[in-house]
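To keep things clear, I will list the structure first and then write my remarks on it.
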Amino acid sequence: MYLRVTTFVGIGLLVATTAMAQPAPASAWFGVPAPAGLGDPHRPILDVSAARTAAAVVPSGEERHRELAGPAVRAHLETIVGFSRADRARGEKAWGRITGFRAADETHAWVLEQFKAAGLRDTATQTYTATQPTWYPKAWSVTLVGDDRAGAGSRDVVLASAFPTSGSRLTGGPLRAPLVSVGAVTDAALPEVDVRGKVAVQTLHPQAGAFSERTRTTERARELARRGAVAILNVVEQAGNMHVRDFSNCGVPCFNLGADDGRFVKAVIDKATAAGVLPELRVAVSLETEMRPGLQGHNTVGLVPGTRADEIVIVNAHADGWFDAAGDNGDGLAVLIALARHFALPANRPERTLLFVASGGHHGGGMNGPGNFVTMNEALAKQAVLVLNLEHIAQLQFQNDPFRVNAAEQPMGFGISNESAAIADIARRGMQRYGFALRPNFSSSTAGDLGGYAPLGVPRVQAIHSGPMYHTSGDTLDTISTPGLERASRFYAFFVGEVARAEKAALQTPPRPAAR
């Protein structure tokens, strides 16, 4: 049974009756241009048509591996993104391949078909149950309510990019409260302004994804809540208008706003302050959420037997994602399918057995797919000698100040949990061979899905980035480089093949400490 919370936060522009009333502006909303809306969330936020990346390098003799070619991998990606688009077409406002919901189930069913068609052994979709209820936003709106005191013809403006942060809920609505600007999350301290009973507006200006400002944004929001703010709007200054699904547990309802909506709200606040009517400025918010217990997640698995059947290399990619999720993690999942097809061919049989896992629950609390896989497959897991994760691996490079797209893939950090010199050597040779966009300095960082595999005690490896499209509706199909998909596929085919034949001791031996 679902626990439903319906919230209506009303914030309108009230008529002030003061002895010193200001004359009304001549144009709507103090002359501030209205935002353009969300637009088509299946199209990139910037024009990427000119960002044509260099063709993939294909060493002589490898042309025959057509399953690794960019167009073949992109066809997989188009199918994967299609499950998200169908979810939105069914009317879901918080759409995507979200674990526990229909589009994720459809994605896993498709992956299982692909594994079977490729000839993998012991294919299965394994199901597990969430250990905690899942917060789910069903419907919401954030609207600046019109009044001619903001200028003749000032009508309601829906802030279409508004997206509630995880855990946001209210009881006892509706509310009516004024707006107040509280500056940027990077400010040294909160300004000395009264936020009691008000909706606080704070800005963040991430150079990478909003993820990079997660801690400061959330901590500041909680402090605002402690000071009496009744709701918070986080203005994410990137480009245009995007849904941004990041941050959680702000203490009061929080909504993320895209840059265009945020520009409008901040400019209206400034104009209203100058006109002496800021205390009357209001927005109207509605929010309907559910806590859904007992949702089920899936891991879809398949084996490619090697000549050494007693040792396994696990290759993982999470199948779930918010919004279209082309780069988080459609590209990783598409490359997983390509690798499964590649190594299932008799001519490409690996030395060690390969276990392919399309995992669930990456974006769902209490639903971690890798952790459930380890628990549910103890015998297989004990045979693992290395785990490779495929995630965020072929997106175009977006940068801020000014917000722009470059004709290159987003550079990725390469993490090796035990910092094995042998693994690093394989990666560097592959990087040089295929031009895969890795940053030159590797690290031991293996955050995310690889945490669920930590109990295995084996090396865990991944290339990953968290660029500006991370966790946004701007993470669309056209932001993924087709040559980048091929670079990733050929790099990882090389990497997996080399790891599958390397000496176990070399893979599991960390580098010696530098002499003092």
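Selection of region 182-199 for residues being assigned to a strand (DSSP E or B) and in contact with a Ser or Thr (Cβ under 8 Å, 6 or more places away or on another chain) yields G183, A184. For region 154-206, the tally of residues that are over 14 Å from C254 (Cα atoms) and basic (K, R) stands at 3.
Within region 403-425, the residues that satisfy the criterion of being within 14 Å of P511 (Cβ to Cβ) and either hydrophobic (A, V, I, L, M, F, W, C) or within 23 Å of the chain's Cα centre (by Cα) (or both) are I416, S417, A421, A422, I423, A424.
Okay, residues lined up against (1) over 20 Å from the mean Cα position of the chain (by Cα); (2) more than 26 Å from A103 (Cβ to Cβ); (3) of a type in the set (G, A, S):
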| position | (1), (2), (3) |
| --- | --- |
| L233 | no, yes, no |
| K266 | yes, yes, no |
| A272 | yes, yes, yes |
| S286 | yes, no, yes |
| V315 | yes, no, no |
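For region 104-130, the set of residues classified as more than 22 Å from the chain's Cα centre (by Cα), open to solvent by less than 20 Å² (accessible area, probe 1.4 Å) and hydrophobic (A, V, I, L, M, F, W, C) consists of F115, L120, listed by residue number. Among the conditions (1) modelled with pLDDT under 95; (2) assigned to a strand (DSSP E or B), R149 misses just one, which is (2).
When every residue of region 432-441 is checked against the conditions, at least one turns out to be of a type in the set (D, E, K, R) and open to solvent by 50 Å² or more (accessible area, probe 1.4 Å).
Residues that are basic (K, R) and either part of a loop (DSSP other than H, G, I, E, B) or at pLDDT 95 or above (or both) occur at least once in region 33-47. Checked against (1) assigned to a loop (DSSP other than H, G, I, E, B); (2) over 24 Å from the mean Cα position of the chain (by Cα); (3) hydrophobic (A, V, I, L, M, F, W, C), W29 passes all but condition (1).
Can you tell me which residue within region 200-224, out of those that are part of a helix (DSSP H, G or I) and within 20 Å of Q399 (Cβ to Cβ), is modelled with the lowest pLDDT? So, considering only residues that are part of a helix (DSSP H, G or I) and within 20 Å of Q399 (Cβ to Cβ), the one modelled with the lowest pLDDT is F211. Looking at S248, S181, just one residue is in contact with a helix residue (DSSP H, G or I) (Cβ under 6 Å, 6 or more places away or on another chain), among the hydroxyl-bearing types (S, T, Y) and either closer than 19 Å to V145 by Cα or in contact (Cβ under 8 Å) with a residue 12 or more places away in the chain (or both), and that residue is S181. Filter region 446-467 for residues that are assigned to a loop (DSSP other than H, G, I, E, B), more than 20 Å from the chain's Cα centre (by Cα) and aliphatic (A, V, I, L, M) and give the result. Passing the criteria: only V458.
Of all residues in region 465-479, those satisfying the criterion of being in contact with a helix residue (DSSP H, G or I) (Cβ under 7 Å, 6 or more places away or on another chain) and open to solvent by 10 Å² or more (accessible area, probe 1.4 Å) are S466, Y470, H471, L477.
Tell me, which residue of region 225-273 that is outside any strand (DSSP E or B) and among the β-branched types (V, I, T) is nearest to A36 (Cα to Cα)? Selected residue: V265. Contact map, region 123-144: first residue within 30 Å of G37 (Cα to Cα) and touching a residue at least 24 places away in the same chain (Cβ under 8 Å), second residue β-branched (V, I, T) and in a strand (DSSP E or B), Cβ cut-off under 6 Å, separation 6 or more or different chains; pairs are P137/T289; V142/V285; T143/V158; L144/V157. Summed over region 281-305, the residues that are open to solvent by 10 Å² or more (accessible area, probe 1.4 Å) and not in a strand (DSSP E or B) give a count of 4. Scanning region 190-207 for residues that are within 29 Å of A239 (Cβ to Cβ) and charged (D, E, K, R) yields a total of 1.
Taken together, the criteria exclude F255 from residues that are open to solvent by 40 Å² or more (accessible area, probe 1.4 Å) and either touching a Phe, Trp or Tyr at 6+ places or on another chain (Cβ under 8 Å) or at positive phi (or both). Can you confirm whether region 43-65 contains a residue that is among the small types (G, A, S), in contact with a Lys or Arg (Cβ under 7 Å, 6 or more places away or on another chain) and open to solvent by less than 70 Å² (accessible area, probe 1.4 Å)? Yes.
Cβ-Cβ distances below 7 Å connect the following pairs, each with a first residue in region 70-83 that is hydrophobic (A, V, I, L, M, F, W, C) and open to solvent by 30 Å² or more (accessible area, probe 1.4 Å), a second residue that is modelled with pLDDT of 95 or more and not in a helix (DSSP H, G or I), and a separation of six or more residues or different chains: F83/R97. Can you tell me how many residues within region 397-431 are open to solvent by less than 40 Å² (accessible area, probe 1.4 Å), among the acidic types (D, E) and part of a helix (DSSP H, G or I)? Looking only at that region, the number is 0.
The values are calculated or read from the model by the stated rules, or taken from the named source; none is laboratory data. Source: prediction; values computed, not measured. Positions of Cβ are generated from backbone atoms using ideal geometry, with glycine treated the same way; all protein chains shown enter the neighbour counts. To get the accessible areas, we keep the full protein, side chains included, count just its heavy atoms, and leave off ligands, DNA and RNA. Shrake-Rupley method; radii C 1.70, N 1.55, O 1.52, S 1.80 Å.
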